[in-house]
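A.B. asks: The following block contains the structure, expressed as structure tokens.
The values are calculated or read from the model by the stated rules, or taken from the named source; none is laboratory data. Just so we're clear, the structure is a prediction, and the values are computed from it rather than from any experiment. When we count neighbours, we look across all protein chains shown, and the Cβ atoms used for this are built from the backbone with ideal geometry, even at glycine. Keep in mind that these areas ignore ligands, DNA and RNA; they rest on the heavy atoms of the full protein, side chains included. Shrake-Rupley method; radii C 1.70, N 1.55, O 1.52, S 1.80 Å.
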Amino acid sequence: MIKWLERQAAVRDRRGLVRRPLVRAADEEFIDLASNDYLGLAADPRVTGAAAAAVLQWGAGATSSRLVAGTTRLHLDLEQELAMLAGMETALVFSSGYLANIGVITALGGPGTLIVADEHCHASMIDGFRLSRSRTESFTHNSVEEAGRLLAGRPEPRALIAVESLYSVLGDEAPLAALLALAEDHDAVLLIDEAHSLGVTGTGTFQGRGSVAGTDLAGHPNVIVTATLSKALGSQGGAVLGSPLLREHLVNRARSFIFDTGLAPAAAAAALAAVRIIRDEPWRAGAVRSNAAALAAGLAPALAASGTAVDRAAVEQSSGAVQSIAMPSAEAALAAAGAARASGVRVGCFRPLSVPDGISRLRLTARATLTPEEIEDSCAVLRGILEELP
């Protein structure tokens with residue numbers, strides 16, 4: 001085993017795929033284009049104040065699983081208001097978005113369930129597929145037609161279509177309306193991961209409530225939504241949203257709910273405060289998309305002039321916070337991210353296996369609280385780096 005570990009480390013080093021946690025200081029002065037704090041709520045006094053009050057009232061941890069003594073009034077209030085925000089009937093909160101996806105997929109899966117999944121699904125969903133023991137087939141990214149062919153003539157009595165409403169690397173949207181029609185035609189359930197949509201997408205009076213709220217998908221019996229509380233909500237945890245029947249099934253069958261210590265009360269209180277802010281301040285979602293557009297516009301000249309392989313669809317205005325820039329190699333992506341950090345700008349650096357298409361990328365995430373000056377300065381830094389690429 002030791003020699004195998006040594007060989008694995010050598011391979012990672014040779015391919016430019018070594019990962020190390022970057023320690024963040026509380027008082028650092030970076031322009032943040034890397035975190036998932038889309039709405040700038042992680043440090044909002046209303047959110048942190050709610051968390052601090054919950055610690056004093058309930059203690060630092062939930063103390064046990066949700067089914068023993070780990071459920072507080074905060075958890076139930078969060079579930080109720082989260083469901084209302086997203087336009088779903090009920091919600092069940094897990095201790096992370098990863099565990100929410102694993103929980104619902106394994107609870108619905110098994111030898112009698114066919115899973116048809118977009119090839120760009122998040123790792124948490126992929127791990128759920130594997131653990132579920134279901135036959136799983138992937139379809140070309142956003143190809144409704146291919147998904148339909150995989151569903152046709154299936155021998156399994158049940159089927160689940162798994163997608164993300166807004167994909168985390170490219171920032172593009174899933175064709176949700178067409179996928180719902182497909183689910184209805186094939187008596188399947190459509191599982192939609194709203195991790196990067198909740199708090200960011202939505203139109204009109206539903207701005208910031210995600211891609212499902214305010215559409216025909218909201219509350220539909222064939223639709224299940226998963227979400228994380230650790231991105232736009234600035235807290236920690238995850239949730240599965242759907243019918244009361246689904247919630248009851250998960251409480252009894254989802255192992256990542258039953259056997260896991262409940263979400264800490266402080267995280268539940270912080271997320272509850274964030275849900276209320278999203279409901280009352282829809283301008284934040286608009287600011288995210290506006291700032292994302294400004295980043296794309298500021299970088300477009302450098303990208304067009306460079307000879308690198310650029311994902312044009314992602315460089316153009318995406319549907320959410322993410323702007324994705326394809327890089328010629330993992331080493332080039334790592335070097336570019338390091339150069340940006342040295343100039344005071346933190347960007348995401350995605351390399352295999354974190355990228356669904358195998359192309360290393362810089363990933364920029366817009367936040368509602370970015371100032372015009374920060375956008376201008378960060379674009380100037382990144383233009384200089386990108387123009388130097390071979």
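A.B. asks: Going highest first, how would you order 3-11, 65-73 by mean Cβ packing within 10 Å?
C.D. replies: Packing proxy ranking, top to bottom: 65-73, 3-11.
A.B. asks: Right, next: With a 1.4 Å probe and all protein chains in place, put ILE375, ILE359 in order of accessible area, largest first.
C.D. replies: Largest accessible area first, the list is ILE359, ILE375.
A.B. asks: Return a whole-number percent for the relative contact order of the chain, with Cα pairs under 8 Å and 6 or more residues apart as the contact set.
C.D. replies: Relative contact order, the chain: 23 percent.
A.B. asks: Treating only the Cβ of Lys, Arg, Asp and Glu as charged (+1, +1, -1, -1), what charge dipole size does segment 77-175 show about its Cα centre? Round to the nearest 20 debye.
C.D. replies: Taking the Cα centre of segment 77-175 as origin, the dipole is about 580 debye.
A.B. asks: Express the Stokes-Einstein translational diffusion coefficient of segment 123-278 in µm² s⁻¹, to the nearest whole number, given a Kirkwood radius over alpha-carbon pairs, 20 °C and a viscosity of 1.002 mPa s.
C.D. replies: D, rounded to a whole number, is 129 µm²/s.
A.B. asks: Further question on the same structure: Please calculate how many Å² of accessible area segment 98-143 carries per residue, with a 1.4 Å probe and no DNA, RNA or ligand atoms counted.
C.D. replies: Per-residue value: 38 Å².
A.B. asks: Per residue, what accessible area does segment 239-299 have, given a 1.4 Å probe and all protein chains present, in Å²?
C.D. replies: Per-residue value: 38 Å².
A.B. asks: Got a number for carbon plus sulfur as a percent of segment 110-221's accessible area, 1.4 Å probe?
C.D. replies: In segment 110-221, the share of accessible area belonging to carbon and sulfur is 51 percent.
A.B. asks: A further question on this structure: Which order do peptides 154-162, 364-372 fall in by mean Cβ count within 10 Å, highest first?
C.D. replies: 364-372, 154-162
A.B. asks: Apply the Debye scattering formula to the chain, with a single equal point scatterer on each alpha-carbon and no solvent, then give log10 I(q)/I(0) at q = 0.08, 0.12, 0.15 Å⁻¹.
C.D. replies: -0.42, -0.97, -1.41
A.B. asks: In segment 28-130, which GluC sites (Glu not before Pro) are in a loop and have at most 11 other Cβ atoms within 10 Å, using DSSP for the loop call?
C.D. replies: When the GluC sites (Glu not before Pro) of segment 28-130 are filtered for loop state and at most 11 Cβ neighbours within 10 Å, GLU28, GLU29 remain.
A.B. asks: Turning to a different aspect of this structure: Per residue of the chain, what 222 nm ellipticity follows from adding -39500 (n - 2.57) for every DSSP H run with n ≥ 4, rounded to the nearest 500?
C.D. replies: Computed ellipticity for the chain at 222 nm equals -13500 deg cm²/dmol.
A.B. asks: Here is a follow-up. On average over all directions, what projected area in square nanometres does segment 1-130 have, based on the convex hull of its Cα atoms?
C.D. replies: 13.9
A.B. asks: Distance in nm between label sites at GLU6 and TRP283, each 7 Å beyond Cα in the beta-carbon direction?
C.D. replies: Roughly 6.1 nm, to one decimal.
A.B. asks: Charges only on Cβ, +1 for Lys and Arg, -1 for Asp and Glu: so what's the dipole of the chain about the Cα centre, in debye to the nearest 20?
C.D. replies: Its charge dipole is roughly 1180 debye.
A.B. asks: Dividing the alpha-carbon radius of gyration of segment 247-290 by 2.2 N^0.38 Å (N being the number of residues), what value is obtained?
C.D. replies: Working it through for segment 247-290, the quotient is 1.68.
A.B. asks: Still on this structure, I have one more. Which of the listed residues, ILE278, PHE94, MET327, is farthest toward the dipole's positive end in the chain, when Lys, Arg count +1 and Asp, Glu count -1 at the beta-carbon?
C.D. replies: PHE94
A.B. asks: Farthest toward the dipole's positive end in segment 116-218, which of ALA183, PHE129, GLY202, given Cβ charges of +1 (Lys, Arg) and -1 (Asp, Glu) about the Cα centre?
C.D. replies: Value: PHE129.
A.B. asks: Using Cα springs under 10 Å in a Gaussian network model of the chain, which residue among ARG19, ARG149, ARG46 shows the largest mean-square fluctuation?
C.D. replies: Taking springs between Cα atoms under 10 Å, the residue moving most is ARG19.
A.B. asks: Further question on the same structure: Remind me, relative contact order of segment 129-179 in percent, using alpha carbon pairs under 8 angstrom and six or more residues apart?
C.D. replies: Computed over segment 129-179, the figure is 26 percent.
A.B. asks: Same structure again: Tell me the accessible surface of TYR98 in square angstrom (1.4 angstrom probe, heavy atoms of protein chains only), to the nearest ten.
C.D. replies: Spelled out: TYR98, probe radius 1.4 Å, area about 90 Å².
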